[in-house]
Structure formats: C-alpha cells, structure tokens
Amino acid sequence: MPAPLLTVRDLKVVIGGRHILHGVDLEVAASGTTALLGRNGAGKTTTVRGILGLVPRTGSVLLDGEETVRLATHALVRRGIGYAPEDRGVFAALTVAENLRLAERPGAREPAYDLVYELFPELRQRARQAAGTLSGGQQQMVAIARTLLNGNRLIIADEPTKGLAPKVVTEVAQVLERAAEAVTVLLVEQNLAVVRRLAQHCAVLADGRTAHRGPTAELLADADEARRLLGVGRAGHGGTVGTPARTGTPARTAAHPAAPTAEADV
Amino acid sequence: MSTVVLLTLTGLGLGALYFLVASGLSLIFGLMDVLNFAHGALMSIGAYATWWAASGHLPGAGSGGVGFALAVLFGTAVGTAAAVLLELAVIRPLYTRPREQILATVGVGLAVPALLSAIWGADARPFPGPEALSGTFGLLGAEVPLNRLVLIAAAAVVLTALHLFLGRTRHGLVVRAGVEDRAMVTALGIDVRKAFTLVFAIGGAAAALGGAIGGLYFGSVDPAQGTSLLIFAFVVVVMGGMGSLTGAALASVAVGLVQQFANYYTTAGLGDLAVVVLLAALLLVRPRGLTGRLA
C-alpha cells in the first residue's frame, strides 16, 4: 500500500481557552478521495483549518513525508494544496475572473484555465460578474475551480454540497469525482450519498477525536456503526449526517439545514 | 461670490490634505484591521524631511523649481521608509495582540513629535516653497492661493494612482481581496504579510507627500501638525467607510468644505464641531459610511 499523502497525528486545537480538537489522527491516501465525517460540531472544519494552519495547532501534519506544522499557511498551500472552505471563501466584491486570478501562483506552472472552463463553462460567461452576486452553486464552482487551477497534489473540500440544490449537488459531485482521478481529495461532507459515491476511505470524528478510520463502504454497510458514529439511519442509501445526540437519542433524520433529502441520488 | 469660490477651493485644498493622510489610513485599516495612530507622525516625518531638504541640507534640493521637487521626493521617500520600518518593527510583531498594537502606534504617534521637538524645537518653522507657488490666481473674482491647486492636483494624482494600483495590478488585487477575507488570501498560497508591508509603504508615502506639500498650505511645519490632522483623517475614514478609497475621497471633500464654510460663516473653531456633527448624522443614516467597501 503506498504511503499516505497526508498524515495527521495528535492534532490539537485550542481556541479562546476551549479545547476544540483533543488529538485527531488522520491519513489521506495517496490517491482517490478520503472523507472526513462526523456529526455537526465534531471538529471536522477545525481539523481542516488546523491542517492548513488557519488556527493555532499542535501535533504533526506530514505532507508527503514533510513535516508542515510549523509552516505558515501560504507556504504550506504552495506545496500543492487547494482549499475550498465551508463558506466557499469567495471574494464577493471581486469578479469571477479576479477570484480565479488570485489562485494563480506566479512562478509556478501555467494555470489550468482550460480544465476549469471545461468543467465550469458558466464561469467563463460570468467572468466579469461580481462573485457576490452569484448563486450558492456558482460560488461553489468558483471555490472548486480555484483548487483546480494549480495542479495541486491535494484538494481539501469542506462541505462542498452544503446548502446546494440537488441538481447542483450532483454537478459538484461529478466534478470532484473527475478531479479525484488526477488529484487526491480530502472531502468533509455531510451528504452520505456523495460520500458513498466519491470516497474510498473515511475517518469519523467525534468530540474532537478520531472515532473511526477505514474503508467507506465498510462503515456505511454497517448500519449500527454508522448510526452510532454519524447519527443516521439507512446509511447505505443516502441521507445526511445528524446533529449531536444531545438529548441522548441519536438523530435519525437529516439534520443538515439545506442538504438534499435523505433519498437524494447523486 | 468671490468668497464662496475662495472658501470652496481652500476647502478642497484642505480636503486634499485629509485625503492624502486618510487614504493610507483607510487601506491599512481595511486590509490589516490596524488602527494606525502613528499615521500623523508619518505625515510629520514627510513634512520635516522635505523642510530639511528644501532648506539646503540635501545636495541638489532647494526651495525652488526642480530643487523643491527633489525635496518633496526626498520627504516622501523618508516617510515611506519610516512607514515600512514601523510595520516591520512595531506592527508585525504584534499582529496577534491588537490592543498592544494600538498602544504601540499611539506611542509612536506621541514619540515622533516629541523627537522632532527635541531636534528642531517646538516652534513652527517657516516652510521654504517655490516662489512660483506662493502667489495667487484670479477665479470668478477671487484671489486663490496657488498652493490650493497643488494640493488638489496631488490628491487627484494619488487617487488615480491608487485606483490603477488596486484595479490593474496583482498586488492591488491581493489588497482588495485581503480587505474582504485575509485568511482566505493566505489559504490561496499568498503571503499576505507582504501585502501588509506594501500597503503600509503606500499609506506612508501618501501621508508623507501630504506632509511635504502640506507645508505649502500652512506656510510652516511644526511637530504637532500631523497629529492634529490625524483626528480629521480618522473622521474621513469612518465617514467614507473603512477600507474604501472612493469613500475616503468623497468624505475628504465633504469634511474640508464643511470645515471651511462653518469656520467662515459662524464662529472660528465651529467648523471642527460641524465635522463631528456631520459624522454623527451620516452614521445614523449609513452606519457603514458612504460606501462601506473598497475602491
């Protein structure tokens, strides 16, 4: 088995005196897609932000064997990481073209506009439009397009289907599937149908710790385990990850406010 | 009529001076969330360096023609260098400690005038300017000092240059993006700290240029000149919308004009109060200022 592209060991994050991550362990396989799962508030986004150094963290983050935990975010990203954040991170006052231009890395390889416009022809038509006036789906296209411009080794997509219409969810999943043929993807996702389609491996977080690691199909085939870890029923047939079972009863239904229905097919 | 013309052009000249200080202040706050209370000190440094050079201490520089242009260039360069030094030595080590950062800029803002006083005395020094710019010109019956036009022209050039920089260059693009979401700029692989230093340099250059040619407007330089202008520059930044260059330009004109007209038609000194009233009224109607965005 090839060495993982990204290895995270004992990642801890403390923000404002509050321990958010207590020691996350994670491996992202050298190819394909690895999903990072967990209920709302489990620490998925903080883990991603911790990996990238966007929040103060301790532990170890090895990118292709190189320790990066002391690197500044921009230096780490320039080693070949594309990041599409949960809130999409689109610059609303800038045009679509300017948003893409920001992702260019002068001195590195030629930006892959051909690929981006092939995957998202709409972005070419809307190049001069302010990104803040785009729909949620279009903004997500901009966010993902920026990760594809640079020939990155790893794409980190944080809930790329969140809040999108079912049709757009399918489009985003298709793009990520195609991207994963050439680039390794770390996917934070609540929509289990998307996870099932894209991710070969997964890690599940619970309360700021890694609760499970293994093949995605194995986890989703085990309804009891999936319910215990993710708070979902019928995990093998789509659905979304639930909220934390604060009342002591596992959430049985989709809790993601704008996710597709439990039967969404991607 | 002639009074109105004179007051208008004097108000625009003063507004131009405010803009030169406020433009950098606004960009620095918009991008870096830094309230730079030392910005007035950068203006004073530019003013004194120009005065020093134009007084014959810098070879080639002088009070007339090309010599004065060289003195202004020298003053602007010294102010720019001071701004870069301020960012690297004082602001950067305190990025994660905003309260200490503000206190540090307040400290520098107090220390620089004190240092200038210690070296050249607390009294105002006559500012040597070119003979050609000390005269007046006639417009609609008013005799308007030429230096007003110099200030207005300088502000217009700086506004245009900043717009071109922000709109046409990659560094400008990074600054505009950084004003919106600094962390995301970093997450795209861009070293935003370089943009910080660049913006400080640009802001310092504009303020120092304001100091350099502000001496023509005031006819003298004194250590507290920059600090006393800073409060109005802050008013301009808040009125224009934090981080908005166009807003700063519009607010500068409004503040300069209101101040001049209120001072002339009411009691001297009431113009300052009128500016504060204007700020309060505007914020009640538009809490984010005139534009609330950049450029």
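The values are calculated or read from the model by the stated rules, or taken from the named source; none is laboratory data. Predicted, not measured: the structure shown is a model, and the values here were computed from it. Cβ atoms come from the backbone with ideal geometry, glycine included; neighbour counts cover every protein chain shown.
With respect to being farther than 18 Å from B:Leu20 by Cβ and surrounded by fewer than 18 Cβ atoms within 10 Å (Cβ to Cβ), B:Gly269 fits the description.
Filtering the range A:132-153 to residues that are within 14 Å of chain B (Cβ to nearest Cβ), among the hydrophobic types (A, V, I, L, M, F, W, C) and out of contact with any Asp or Glu (no Cβ under 8 Å at 6 or more places or on another chain) leaves A:Val142, A:Ala143, A:Ile144, A:Ala145, A:Leu148. The residue list B:Met239, B:Met184 contains one member that is touching a helix residue (DSSP H, G or I) at 6+ places or on another chain (Cβ under 8 Å) and over 30 Å from B:Phe127 (Cβ atoms), which is B:Met184.
Evaluate the range A:23-34: report whether one residue or more is within 14 Å of chain B (Cβ to nearest Cβ), modelled with pLDDT of 95 or more and over 24 Å from A:Arg178 (Cβ atoms). The answer is no; no qualifying residue exists.
Exactly one residue out of B:Ser117, B:Ser134 is of a type in the set (Ser, Thr, Tyr), under 23 Å from B:Gly226 (Cα atoms) and either loosely packed, with under 13 Cβ neighbours inside 10 Å or modelled with pLDDT under 90 (or both): that is B:Ser134. Only one of the numbered conditions (1) part of a strand (DSSP E or B); (2) surrounded by 14 or more Cβ atoms within 10 Å (Cβ to Cβ) is not met by B:Asn147, and that is (1). Residue count for the range B:231-281 under the criterion of being among the hydrophobic types (A, V, I, L, M, F, W, C) and within 25 Å of B:Gly172 (Cα to Cα): the result is 14. Of the residues making up the range A:128-138, those that are assigned to a helix (DSSP H, G or I) and surrounded by fewer than 22 Cβ atoms within 10 Å (Cβ to Cβ) are A:Gly132, A:Thr133, A:Gly136, A:Gly137, A:Gln138. Within the range A:92-100, can one find any residue that is modelled with pLDDT of 95 or more, touching a Leu at 6+ places or on another chain (Cβ under 8 Å) and either within 19 Å of B:Arg193 (Cα to Cα) or among the hydroxyl-bearing types (Ser, Thr, Tyr) (or both)? No, that holds for no residue. Selection over the range A:98-127 of residues that are more than 10 Å from chain B (Cβ to nearest Cβ), without any contact (Cβ under 8 Å) to a residue 40 or more places away in the chain and in a helix (DSSP H, G or I) gives a count of 11. Counting only residues that are outside any helix (DSSP H, G or I) and either surrounded by fewer than 19 Cβ atoms within 10 Å (Cβ to Cβ) or modelled with pLDDT under 95 (or both), how many does the range A:174-200 have? Summing the residues that are outside any helix (DSSP H, G or I) and either surrounded by fewer than 19 Cβ atoms within 10 Å (Cβ to Cβ) or modelled with pLDDT under 95 (or both) in the range A:174-200 gives 8.
Residue check: B:Leu73 meets all listed conditions (1) part of a helix (DSSP H, G or I); (2) in contact (Cβ under 8 Å) with a residue 24 or more places away in the chain but one, namely (2).
Listed by position, the helices (runs of 4 or more DSSP H) contained in the range B:160-256 that have at least 1 residues being buried (at least 22 other Cβ atoms within 10 Å of the Cβ) and within 14 Å of another protein chain (Cβ to nearest Cβ) are B:170-180, B:182-187, B:192-218.
Across the range A:56-74, the number of residues qualifying as within 13 Å of another protein chain (Cβ to nearest Cβ) and either part of a strand (DSSP E or B) or not hydroxyl-bearing (Ser, Thr, Tyr) (or both) comes to 4.
Regarding B:Leu35, is this residue in a helix (DSSP H, G or I) and either modelled with pLDDT under 95 or not basic (Lys, Arg) (or both)? Quick ask: steps written out before the conclusion?
Values: in a helix (DSSP H, G or I): no; either modelled with pLDDT under 95 or not basic (Lys, Arg) (or both): yes.
Taking the combined requirement at face value, the residue does not satisfy it.
Each row is one residue, and each column tells you yes or no for (1) of a type in the set (Asp, Glu); (2) at pLDDT below 90; (3) touching a helix residue (DSSP H, G or I) at 6+ places or on another chain (Cβ under 7 Å).
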position	(1), (2), (3)
B:Ser244	no, yes, yes
B:Gly247	no, no, yes
B:Val255	no, no, yes
B:Val258	no, no, yes
B:Phe261	no, no, yes
B:Thr266	no, yes, no
B:Leu270	no, yes, yes
B:Val285	no, yes, no
B:Leu290	no, yes, yes
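I'd like the full set of residues that are away from chain B (no Cβ under 13 Å) and either in a loop (DSSP other than H, G, I, E, B) or crowded, with 23+ Cβ neighbours inside 10 Å (or both), limited to the range A:154-171. Quick ask: steps written out before the conclusion?
First pass over the range A:154-171, keeping only residues away from chain B (no Cβ under 13 Å): A:159-171.
Residues satisfying the conditions are A:Glu159, A:Pro160, A:Thr161, A:Lys162, A:Gly163, A:Leu164, A:Ala165, A:Val169.
Based on this model, can you work out whether A:Val77 counts as aliphatic (A, V, I, L, M), buried (at least 17 other Cβ atoms within 10 Å of the Cβ) and within 13 Å of chain B (Cβ to nearest Cβ)? Taking the combined requirement at face value, the residue satisfies it.
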